[in-house]
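What follows is a set of notes on a single structure, which appears directly below.
Nothing in this text is a laboratory measurement; each read-out follows from the coordinates by a stated rule. Values in this document were obtained by computation on a predicted structure and should not be read as measured data. Glycine gets a Cβ as well: all are built from the backbone with ideal geometry, and neighbour counts include every protein chain shown.
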Amino acid sequence: MTTILQINSAARSQGANSTLLANELTAKLQQSNPGAQVVVRNLQAEPLPHLDDAILGAFFTPAEQRTPEQSAIAARSEALIAELQAADVVVIAAPLYNFGVSSQLKTYFDFIARAGITFKYGANGAEGLVTGKKVHVVSARGGKYVGTPGDSQTPFLKTFLGFLGMTDVNFIYAEGLNMGPDVANAALAGAREAIAAA
Ligand SMILES: Cc1cc2nc3c(=O)[nH]c(=O)nc-3n(C[C@H](O)[C@H](O)[C@H](O)COP(=O)(O)O)c2cc1C
């Protein structure tokens with residue numbers, strides 16, 4: 001059975017374009033994979049903390065030497081990794097905030113990037129351990145940046161996901177959402193065409 005993990009990372013609990021379009025994409029993928037199980041990770045409703053001394057201490061202390069608090073922090077990270085590893089398809093709802101991903105998505109990435117668990121270094125350099133997944137990124141943007149040096153989000157996501165082993169990444173953009181109703185409607189229609197083709 002196919003498992004679809006949808007990761008919502010908008011700061012807004014209501015009316016987020018990235019969530020709206022990701023919901024539509026997940027529904028479409030469910031249609032093409034009858035019986036697919038959907039898991040939603042809502043990073044706005046269940047926020048993760050920023051990396052700090054306590055979290056880094058937990059990650060870098062060997063499991064058998066961790067305090068109970070450190071074990072709880074590591075377990076939270078490892079539960080998120082298990083959820084990701086269990087997915088065949090990953091849908092990431094990614095708003096563009098200040099030329100990057102939301103801090104919600106960044107903290108999630110900080111929780112799933114674990115040496116020896118999701119990546120490792122060997123003689124040939126880094127090797128991602130999260131493999132065999134199809135990833136769709138739905139990026140909602142106020143302006144238009146695809147294909148320009150201003151699009152710092154796409155290369156970051158490709159690099160980060162690829163580092164962990166997720167190299168099959170399809171980007172769906174809704175760009176120009178803050179450029180007036182005509183541009184916004186055309187952007188949503190274009191994203192919906194891409195969703196239909198996914
Ligand atoms: C805090 C914040 C920062 C933003 N930064 C950018 C930006 O750097 N570039 C841009 O084109 N749009 C920017 N926008 C507009 C968003 O990309 C746009 O509202 C998009 O719909 C966000 O996705 P969401 O609706 O899922 O939250 C920003 C919006 C917010 C709220």
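Brief remarks follow.
- Extension gain (nm, one decimal) between THR67 and ASP168, 0.36 nm per residue minus Cα-Cα: 32.6 nm
- For VAL90, residues with placed amide H under 5 Å, excluding near neighbours: LEU5, LYS134, VAL135, HIS136
- Average Cα contact separation per residue, the range 3-197, under 8 Å, 6 or more apart, as relative contact order %: 23 percent
- Using alpha-carbon coordinates, inclination of helix 103-112 to the longest axis of the chain, degrees: 40 degrees
- Antiparallel DSSP beta bridges within the chain, as percent of all bridges there, nearest 5: 15 percent
- Helix-only mean residue ellipticity at 222 nm for the chain, each DSSP H run of n ≥ 4 adding -39500 (n - 2.57), per residue, nearest 500: -13000 deg cm²/dmol
- Relative contact order for the range 1-42, counting Cα pairs under 8 Å that sit 6 or more residues apart, in percent: 65 percent
- Angle of helix 68-85 to the longest C-alpha principal axis of the chain, folded into 0 to 90 degrees and rounded to 10: 40°.
- The dipole here belongs to the range 3-197: it is taken about the Cα centre, uses +1 on the Cβ of Lys and Arg and -1 on the Cβ of Asp and Glu, and is about 240 debye.
- Two-site label geometry, ALA196 and THR148: point separation in nm, points 7 Å out along Cα→Cβ: 2.8 nm
- The lysine pair count for the chain, using Cα distances under 19 Å and pairs eight or more places apart or on different chains, is 8.
- Anisotropy class of the range 1-115 from Cα gyration tensor, a/c 1.5 cut: oblate
- Using a Förster distance of 22 Å, the FRET efficiency for ALA45-PHE99 (Cβ separation, nearest 0.05): 0.30
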